[in-house]
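Novice: Please see the structure below; I have some questions.
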Amino acid sequence: MKLKLAFLVATALIAAPSLLMAQEKGGVINVATIGEPPTLDPMVSTADLVGIVTQHIFETLYTFDKSWKVTPLLAESLPEISADGKTYTIKLRTGIKFHDGGDMTSEDVVASLGRWTKLASRGKQAAGFIESVAAADAATVTIKLKQPYAPLLSLLAFNNSAAIIIPAEKQDEPMKEFIGTGPYMLKERKADQYIQLARFDGYKPRSGESDGYGGARHQYLDEIRFVPVPDPNTRVEAAVSGQYDYVDSIPVESFEKIKNSQPSEPIMLKPFGFPVFVFNTKEGLSSNLAIRKAVEKALSMEDMLAAAFGSKDFYNADGAFYPKSFVWNTEVGTEGNYNLGDPEGAAADLKAAGYKGEPLRILTSRQYEFHYKMAQVAAEYLKLAGVNVDMQVVDWATLTQRRADAKLWDIYITHSPFLPEPALMGVLSTSSPGWWDTPARKAAVDPFTSEADPAKRVELWANVQKTIYDELPLLKIGDFNAVSAKSKKLEGVDPAPWPYFWNASITK
């Protein structure tokens, strides 16, 4: 029987050890990140780095438990859903304080969800299905849909382009004050130096045990400091020396080096997710499907993965968007469309498509070193096919800004964890950079998102995957495992795609 989620294996999210309950409050931890987040407003960014930091400051109505099921966070319970699947009645927790001392009410939730559907790519994804969001009373919100929309709760729970709840009177665009309900609040930000979060003493955790991103969030630490360390080799050396308590996203080849170090130990999520090449389908060279198909034909995914991750202990060449341990796994669409490595055939296809040597602009960053290594291999295969490759290597914050402008790029390189709900994938949002918006997309995606029956949704997802391969808004490169490092003195931090530090403590 297939597991619903691969994280149920040994590297699953595990509830924080109960022995932490006996530990005293106190301490400061320093977390090395891959760089400076482009914003601290999680609604307007899909960057994982933004979510990692801001999930400590802001909260959503729902989140995910250790089994990746939706669970209440600021909501009191799961919603009451009408028989026709079009009305969600959400009871809110009471006594929740914002960092400025104000009480959270339904007015704040309604205003926040309005901002989310206007600004956030995930919110825009849901907006077309939402008829109204209204306050039934101070502690109850009602969402009415035009038609059933199965991904709604997962979208409300996701910390990426997140439906955070902020005060009704602080809905500025762009955000001016970073006021949330989270266990930690923003104390100071010095660009390119650190983001300092301090314990919010007015925080009201949920009762019971911690449960993945859900359940009780304990505040053992006084402060959490996120420090940008863009160079991956510097992050490795910092982990080996014990300079930081947690080091995010380190090259997999450093696993043994970290394992043999004195102060730190490696953390591996297996499988973590998949790197992708996202095409600009809106304008420019890659808006031509024939060009995208030629790029697909030219590339060897196996060679790119080997360059990026070395040993097969850390990667798997697989074109399916979910591995076999997920209920969503299907090979539909991948046959004859994955890992082709045929630059000569691609050259012929480019000629037939009318390619005249225009630059193919590829955006990548060295802050995720594996992105850069894949880009290097891809560039060589594309050059063999006669493509004029314009490799643009920038910092991650710049990349996330440039990809928002369709005039500046043809391909950008990113990655995604395996998500519990396929509709959370950015490519399915027509407002996500890449801007895939065709009749075929709509014909495949709309039935999938409006179907409530889980078994039927699995079948419909196969059609979505086939449509992705038919129209190529992106190229999946393969599966990979992610490696980070933590101090041996840091307790209560479990393997997670977006590491969190409530429940964490430092042993003396």
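The values are calculated or read from the model by the stated rules, or taken from the named source; none is laboratory data. Just so we're clear, the structure is a prediction, and the values are computed from it rather than from any experiment. In this analysis, Cβ positions are derived from the backbone assuming ideal geometry, glycine residues included, and neighbour counts consider all displayed protein chains. Heads up: the accessible areas ignore ligands, DNA and RNA and are worked out on the full protein's heavy atoms, side chains in. Shrake-Rupley method; radii C 1.70, N 1.55, O 1.52, S 1.80 Å.
Novice: Give region 396-416 a look and list any residue that's surrounded by 17 or more Cβ atoms within 10 Å (Cβ to Cβ) and within 27 Å of Ala191 (Cα to Cα), or say none.
Specialist: Those that are surrounded by 17 or more Cβ atoms within 10 Å (Cβ to Cβ) and within 27 Å of Ala191 (Cα to Cα): Trp396, Ala397, Leu399, Thr400, Arg402, Arg403, Trp409, Tyr412, Ile413, Thr414, His415, Ser416.
Novice: What number of residues within region 130-148 are modelled with pLDDT under 95 and open to solvent by less than 50 Å² (accessible area, probe 1.4 Å)?
Specialist: 1
Novice: Filter region 463-485 down to the residues that are open to solvent by 20 Å² or more (accessible area, probe 1.4 Å) and at pLDDT 95 or above, then identify the one that is farthest from Leu305 (Cα to Cα).
Specialist: Among them, the one singled out is Asn463.
Matching residues to (1) surrounded by 19 or more Cβ atoms within 10 Å (Cβ to Cβ); (2) more than 25 Å from Ser249 (Cβ to Cβ):
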| site | (1), (2) |
| --- | --- |
| Ala191 | no, no |
| Tyr203 | yes, yes |
| Arg206 | no, yes |
| Gly214 | yes, no |
| Val229 | yes, no |
| Asn233 | no, no |
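Novice: Can you tell me which residues in region 37-51 are open to solvent by less than 10 Å² (accessible area, probe 1.4 Å) and either touching a His at 6+ places or on another chain (Cβ under 7 Å) or not in a loop (DSSP other than H, G, I, E, B) (or both)?
Specialist: Of everything in region 37-51, those that are open to solvent by less than 10 Å² (accessible area, probe 1.4 Å) and either touching a His at 6+ places or on another chain (Cβ under 7 Å) or not in a loop (DSSP other than H, G, I, E, B) (or both) turn out to be Leu49, Val50, Gly51.
Novice: Moving to a separate point now. Go through region 97-122 and report how many residues are touching a Lys or Arg at 6+ places or on another chain (Cβ under 8 Å) and either at pLDDT below 95 or buried (at least 21 other Cβ atoms within 10 Å of the Cβ) (or both).
Specialist: Of the residues in region 97-122, 2 are touching a Lys or Arg at 6+ places or on another chain (Cβ under 8 Å) and either at pLDDT below 95 or buried (at least 21 other Cβ atoms within 10 Å of the Cβ) (or both).
Novice: For region 463-481, give me each residue that is part of a helix (DSSP H, G or I) and in contact with a strand residue (DSSP E or B) (Cβ under 8 Å, 6 or more places away or on another chain).
Specialist: Ile468
Novice: For a quick check of your reading: which helices (runs of 4 or more DSSP H) sit entirely within region 210-320 and have at least 2 residues that are more than 30 Å from Ser431 (Cα to Cα)?
Specialist: Qualifying helices (runs of 4 or more DSSP H): 232-241, 255-259, 301-309.
Novice: With Tyr322, Tyr355 as the choices, which residue is open to solvent by 20 Å² or more (accessible area, probe 1.4 Å), closer than 29 Å to Thr400 by Cβ and of a type in the set (Phe, Trp, Tyr)?
Specialist: Sole residue among the options that is open to solvent by 20 Å² or more (accessible area, probe 1.4 Å), closer than 29 Å to Thr400 by Cβ and of a type in the set (Phe, Trp, Tyr): Tyr355.
Novice: Looking at region 64-88, which of its residues are in a loop (DSSP other than H, G, I, E, B) and closer than 16 Å to Thr140 by Cα?
Specialist: Across region 64-88, the qualifying residues are Leu73, Leu74, Glu76, Ser77, Leu78, Pro79, Ser82.
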